[in-house]
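Just below is one structure, and these are the notes that go with it.
The values are calculated or read from the model by the stated rules, or taken from the named source; none is laboratory data. As the structure is a computational prediction, the values presented were derived from the model and not from experiment. Neighbour counts run over all protein chains shown; Cβ positions are idealised from the backbone, glycine included.
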Amino acid sequence: MTERPRWLTDQEQRAWQAYRRMFLLLNAQLSRDLQQHTGLSDPDYDVLSTLGASAGHRRRVSELADRMLWSRSRLSHHLARMERRGLVLREECETDGRGAVVVLTGEGLRTIEAAAPLHVESVRRHFMDLLTPEQIEAFAGVGETVVARLTGAEHEAEPGTEASTAPAAGPHHRPGTSPTPH
């Protein structure tokens, strides 16, 4: 016996359509602003900001690929382009001869430090400053709930514990510091 689909209610449909349209429009606008103001692509910014927030400004290539939801091959090609621009370099992993570590160069650090304030201003202008504190809190909760389900993290920690609510360092955090908005 086949179960009938649980169709979306009008309210659910409205929320889903608003999210889909917002996601597309907001990402396109933030990407345009990032490219125009810094010359960086979204993946460039993600790599640089992740390394900037990592201990020693370095991270294993495999960890970076997992974080970006990219194949190691795709990331390797992207890192090669960033290496040619002097933003990152790859080193052998001291603990695993088969692994590699990607390291932020001085030029890469200067680039992310210059780009981060411009990018966060775009995030503020097109998203954060449009919302009330209550909307921001609700949005964060929704995002954390969905991410926990999709990553399996919902089983790793109970709601309200540090593991389930701690923000991840990412493209909207000040490079070289703990995850705080910039």
Item checked: Flag if Thr180 is out of contact with any strand residue (DSSP E or B) (no Cβ under 9 Å at 6 or more places or on another chain) and either at pLDDT below 95 or not aliphatic (A, V, I, L, M) (or both) -> no
Next item on the list: Considering each residue of region 116-146, count those that are of a type in the set (Val, Ile, Thr) and surrounded by 14 or more Cβ atoms within 10 Å (Cβ to Cβ), and give that number.
Entry: 2
Notebook entry, point to check: Checking Met82 against (1) in a helix (DSSP H, G or I); (2) at pLDDT below 95, which single condition isn't satisfied?
Noted result: (2)
Note to self: Return the pair list, or none, for Cβ contacts closer than 7 Å from residues in region 43-68 that are free of Cβ contacts under 8 Å to residues at least 12 places away in the same chain to residues that are in a helix (DSSP H, G or I) and of a type in the set (A, V, I, L, M), at least 6 apart or on different chains.
What the structure shows: Ala65/Leu75
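Just to verify a result, which residue in region 85-126, among those that are in a loop (DSSP other than H, G, I, E, B) and β-branched (Val, Ile, Thr), is modelled with the highest pLDDT?
At the first step, the residues of region 85-126 found to be in a loop (DSSP other than H, G, I, E, B) are 85-87, 94-95, 105.
After this cut, where a residue has to be β-branched (Val, Ile, Thr) as well, the list is 95, 105.
On the way: Thr95: 74, Thr105: 97.
This residue is Thr105.
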Check: Does region 115-134 hold any residues that are within 15 Å of Leu25 (Cβ to Cβ) and not hydrophobic (A, V, I, L, M, F, W, C), and which are they?
Finding: Ser122, Arg125, His126
Note to self: If I filter region 138-167 down to residues being more than 17 Å from Arg67 (Cβ to Cβ) and in a loop (DSSP other than H, G, I, E, B), which single residue comes out as modelled with the highest pLDDT?
What the structure shows: Ala157
